[in-house]
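Written out below as structure tokens is the structure these notes cover.
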Amino acid sequence: MAEMLRSLVEAVVPDVGLRTARRNAWAAMAADAKRARARVEAAAAVSAAVAHPTPAVVTA
């Protein structure tokens, strides 16, 4: 009985670890993609600001 239980636990535990690893990898990929989109948007905003600067506001 104990041998059967140990075999069952050994069969199930790696799958749980694999699912967790896949979930963590997917979350990391999603975070990387979000940062990449933010980088592209920031670069576009900087390029637009350099290409079309706004006049400085002078107050007297």
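Okay, here's what the table says:
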item	result
Which numbered condition HIS52 misses (of (1) of a type outside the set (A, V, I, L, M, F, W, C); (2) exposed (fewer than 10 other Cβ atoms within 10 Å of the Cβ); (3) at pLDDT 90 or above)	(3)
Criterion (among the aliphatic types (A, V, I, L, M) and either within 20 Å of the chain's Cα centre (by Cα) or not in a helix (DSSP H, G or I) (or both)) met by exactly one of ALA48, ALA11, ALA38	ALA38
Residue list for the range 14-35, filter: modelled with pLDDT of 85 or more and either of a type in the set (Val, Ile, Thr) or not in a helix (DSSP H, G or I) (or both)	THR20
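The values are calculated or read from the model by the stated rules, or taken from the named source; none is laboratory data. Owing to the predicted nature of the structure, the values given are computational and were not obtained by experimental measurement. As a convention, Cβ positions derive from the backbone with ideal geometry for all residues, glycine included, and neighbour counts pool all protein chains shown.
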